[in-house]
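The values are calculated or read from the model by the stated rules, or taken from the named source; none is laboratory data. The structure presented is a predicted model; accordingly, all values stated were derived computationally and were not measured. A quick note on method: Cβ atoms are made from the backbone with ideal geometry, for glycine too, and the neighbour counts reach across all protein chains shown. Each accessible area value is taken on the protein alone, full model and side chains, heavy atoms only, with ligands, DNA and RNA left out. Shrake-Rupley method; radii C 1.70, N 1.55, O 1.52, S 1.80 Å.
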Amino acid sequence: MSFSGFKEVIEEGDTVILYIGVSQIYALEVKPKVINKNGQGVDNVFQTKYGSVKVMDLVGKKYGSRVNLSKGWGQVLYPTPELWTITLPHRTQILYTPDISMVLTQLEIGPGSIVCEAGTGSGSLSHAILRAIGANGKLHTFDFHKERVKVASEEFIRHGFGDRVIVLHRDVCDEGFGVEGVADAVFLDLPKPWDALPHAVSAIKTSGGRICSFSPCIEQVARTCEVLQSLGLQELLTLECLAREFQVKSISLPRVINGQKAPTHQNTHVSQEEKQPDLKKKKVEECVEGAGSDTNTKSDEHEQIAAGNKGQQGNGDFRFTTGITQLKMPGHTGFLTFASVPPGLARNKLSCVA
Amino acid sequence: MPLKKNLIEEGCVVMVQKGAYLKTCRVFSGRSYTFGKRGDGQFTLNLDGALGCPFGSSFRMDRVSNKMFSITKIENPVISLDIVTEGGVDNRDLQDDGRSQKLTPDEIITLKNKGLTGKEVIQVITENSSTFKDKTVYSQEKYVNKKQKKYGETITIHKPTIRLLNDMYYTQDPLKIANLRIDTLSQLLCHSNVQAGGNFAVFESGSQGLVTAAMLQRMGTVGHLVQVYHGAHPQREAVDLMNFSEEELLVLSFINVTKLPEATQRDSLTTTTATTNTNTTTTTNSNTTTTTTSITTAEPMDTNEEDETRKEETPHSSKSDEQKHTNEDSEENLIQKDNEKLDCESQENKDQHVNGKKSEKQDQETQKSGEQAKKPSRPRKFVRTQVEDVSMSSSVLEQGIMGLVVACRQYPNDVVKELMPFLHPGHSFVVFSPYKEPLMELYSEVRTLGGTNMRLSETWLRHYQVLPQRTHPAINMSGGGGYLLYGTKVLK
């Protein structure tokens with residue numbers, strides 16, 4: 001229930017986020033029993049690298065408080081769609097926050113908005129939309145996969161969004177959205193979005209609205225844009241957005257100084273202390289390697305690395321704090337194509353385009 | 001959205017778009033508004049033809065006199081692309097000698113002034129171009145599109161939205177909004193978890209109130225948003241352009257950073273009253289300045305709606321920016337600024353609170369009489385007095401907030417330390433800065449204030465030209481849209 005409102009204390013039925021480290025974040029459902037692999041109900045005990053936690057023990061604790069694990073500790077955070085996106089059980093490929101946030105702004109979704117989404121997938125974007133539309137909005141979400149519809153629907157109810165969402169098992173390309181002239185915005189994440197576009201336009205209010213299509217491949221985009229144009233949509237925009245994360249680290253670089261002559265470009269930074277001519281050059285690489293490979297390490301761990309480095313540092317090292325880029329990051333998720341349905345767009349010609 | 005007006009009405013803010021050009025203005029019948037860059041591109045519009053039409057409609061510009069146009073709604077925007085005919089194979093025979101166009105610029109202007117439509121002008125231009133026929137179809141299309149931008153006479157009138165406002169500021173000058181690009185703004189909104197219901201706080205400066213406006217848009221009519229501001233007056237330019245209803249504006253309250261309640265909840269109300277009282281004694285002299293400024297703005301032709309709004313309704317802000325920046329830290333000025341702010345409040349009382357409350361809702365006719373005679377209805381900006389704002393904000397902050405946003409030109413770290421105590425444990429904070437360095441520092445400092453799950457990130461944004469056989473990334477892109485540090489606060 002916790003997604004849709006605000007509270008200070010954890011209650012049974014909440015979904016909470018257990019934070020142990022940057023790569024160990026889990027969504028836990030606060031309930032006494034879970035079903036194990038053999039289909040039996042067992043006590044809800046969650047296992048982590050640092051030991052286990054009895055989930056029901058969280059009841060009565062404040063959000064933001066520390067939780068003891070048998071071999072360490074973690075923190076319980078309030079669930080947000082963003083945290084859900086990084087912890088949710090994947091049933092499909094999902095959209096991540098950089099794309100999701102762009103979709104919300106570009107589709108101009110706000111409290112009271114009526115939005116159509118196809119397909120539902122794992123519900124990553126749906127959660128963000130459900131937050132944005134508020135208690136008076138409505139999300140119609142569709143998926144052609146029956147099981148996914150069922151699981152997603154139950155999930156939305158558990159998260160307190162039950163009364164703002166309608167989840168349907170439906171192939172929108174063939175059958176359309178089943179609603180006409182009601183939506184402020186339509187979002188499509190489909191293999192062949194062009195087949196659903198005429199239906200999407202009919203779903204939009206006659207006073208106009210916004211449409212978005214998410215596609216990984218440029219060929220899909222090209223075809224989508226052609227259809228959007230032929231349907232008379234305006235303000236076509238295709239873009240791509242990616243987040244780059246930085247790891248904040250203190251780095252110290254040994255200097256290479258030949259006798260008394262310091263290399264000119266570093267001259268200004270030379271401290272008055274004695275230089276150490278024999279410093280191992282290798283350390284530069286060590287630092288970078290340590291940082292890069294552990295984009296996912298826990299905070300305590302970096303502190304240790306930093307401390308470790310300090311031990312070996314020479315006084316003459318050049319030290320600075322920097323944001324280190326990831327050695328490997330997502331390079332492409334998909335192209336987002338947006339368009340506006342102008343008010344009073346003639347919709348009778350839609351069928352012939354389709 | 002229910003009850004959201006979808007029609008262009010007298011007194012509402014609209015966004016006029018012509019090609020890539022976007023500008024806001026508040027529509028009043030009988031007035032004309034100047035758009036475009038000084039010189040050739042400048043044009044003056046009377047927007048009466050738009051009244052009663054739905055937002056998002058397109059209009060044809062009809063020449064009334066030299067640079068003056070009236071507008072008429074059109075159903076299907078003219079596309080001049082049918083001028084493109086058969087084209088050549090490639091550009092091997094094209095000479096760039098500047099002699100391909102037989103018409104002189106003067107002749108083209110005469111054509112325009114003779115009353116030919118944009119499309120007809122383009123037609124004549126292409127016919128008089130000796131090389132047009134030899135260009136490839138793609139090249140012809142590009143040429144026509146370019147000319148259409150110049151001679152096109154279609155505008156679209158949009159409802160102001162965060163997307164378009166950001167777009168407008170970004171095209172005018174990204175630095176106007178501290179290079180807060182749309183993807184960064186969007187991420188900021190998501191990570192702050194702002195939503196209808198719940199208490200939120202934002203500290204904003206240097207971005208025209210866009211962050212505040214965007215958060216308010218995500219909150220609708222439920223919950224509380226406190227804008228903590230530094231200097232003489234709240235940051236609300238973008239808020240005023242969004243056509244927020246009074247109900248929506250009630251969500252927002254303002255508080256000067258110097259008047260923040262104690263995080264420990266004691267004494268807050270008594271301290272604020274005390275401060276206000278001391279200020280009242282010195283208001284008189286600055287009152288004169290405010291009156292002067294409001295007089296200067298009562299011109300009939302307000303080309304710059306934005307400026308006009310600011311001057312007219314928050315008198316103190318007319319001398320805002322320079323003064324704010326040059327004097328930011330000197331103490332005497334702080335006092336002076338406080339006085340000015342108080343003025344604003346009293347001015348409001350005169351201008352809006354007193355005659356605003358009734359007139360706003362029912363009889364706009366009555367409002368037009370008397371002092372407001374030449375100015376048709378204009379929505380109230382401040383829905384509360386400053387004192388009410390401060391006590392409202394204090395009580396919201398004392399209850400605790402579920403999301404904190406800091407997006408400012410100043411060194412953000414002190415602000416974050418000041419406001420973090422109001423944030424409920426378990427909830428999120430987001431800090432925006434155009435620079436990475438303060439955020440790197442903050443990254444380690446916030447840890448001691450209970451920050452966890454922190455990320456420092458920036459986003460890449462790339463636009464694409466999508467055309468058959470000619471799809472590629474846009475030729476120009478923004479090199480960076482600012483940095484975000486976000487995380488969650490926990491109990492220590």
³J(HN,Hα) computed for each position of the range B:135-140 - Karplus, 6.51 cos²θ - 1.76 cosθ + 1.60, integer Hz, glycine/proline x: 5, 5, 4, 4, 5, 4
Report the normalised scattering of the range B:13-78 as log10 I(q)/I(0) at q = 0.17, 0.22, 0.23 Å⁻¹, calculated by the Debye formula with identical scatterers on the alpha carbons. -0.57, -1.01, -1.11
At what distance in nm do the modelled label points of residue A:42 and residue A:163 sit from each other, each positioned 7 Å from its Cα along Cα→Cβ? 3.8
Between residue B:103 and residue B:7, what's the calculated FRET efficiency when r is the beta-carbon distance and R0 is 35 Å? Round to 0.05. 0.25
The range A:54-73: which residues show an accessible-area loss of 40 Å² or more, assembly versus chain alone, 1.4 Å probe? A:64
Those chymotrypsin sites (Phe, Trp or Tyr not before Pro) from the range B:406-461 that are DSSP loop and have at most 15 other Cβ neighbours within 10 Å turn out to be B:435
Which whole-Hz couplings ³J(HN,Hα) result when phi for each residue of the range B:170-178 is put into the Karplus expression 6.51 cos²θ - 1.76 cosθ + 1.60, θ = phi - 60°, listed in order with x for Gly and Pro? 5, 6, 5, 5, x, 6, 4, 10, 6
Solvent-free Debye scattering, log10 I(q)/I(0), computed from the Cα coordinates of the range A:15-79 at q = 0.15 Å⁻¹: -0.44
Set the Förster distance to 35 Å, then compute FRET efficiency between residue B:37 and residue A:332 from the Cβ-Cβ distance, nearest 0.05. 0.40
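What is the average number of partner chain Cβ atoms found within 10 Å of a Cβ in A:232-244?
6
Return one whole number: the accessible area per residue of the range A:111-228 in Å², for a 1.4 Å probe.
Numbers: 4000 Å² over 118 residues.
I get 34 Å² per residue for the range A:111-228.
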At a probe of 1.4 Å, how much accessible area disappears from chains A and B on forming the pair, both sides counted, to the nearest 100 Å²? 5300
What does the average come to when, for each residue of peptide B:438-445, you count the partner chain Cβ atoms lying within 10 Å of its Cβ? 3
Provide the per residue accessible area, probe 1.4 Å, for the range B:80-170, rounded to a whole number of square angstrom. 58
Here FRET efficiency (C-beta to C-beta, residue A:11 to residue B:138, R₀ 56 Å, nearest 0.05) is 0.35
Restricting attention to the range B:182-264, which GluC sites (Glu not before Pro) occupy a DSSP loop and are surrounded by at most 14 other Cβ atoms within 10 Å? B:262
Place a +1 charge on the Cβ of each Lys and Arg in the range B:27-96 and a -1 charge on the Cβ of each Asp and Glu, then give the dipole magnitude about the Cα centre in debye, rounded to the nearest 20. 600
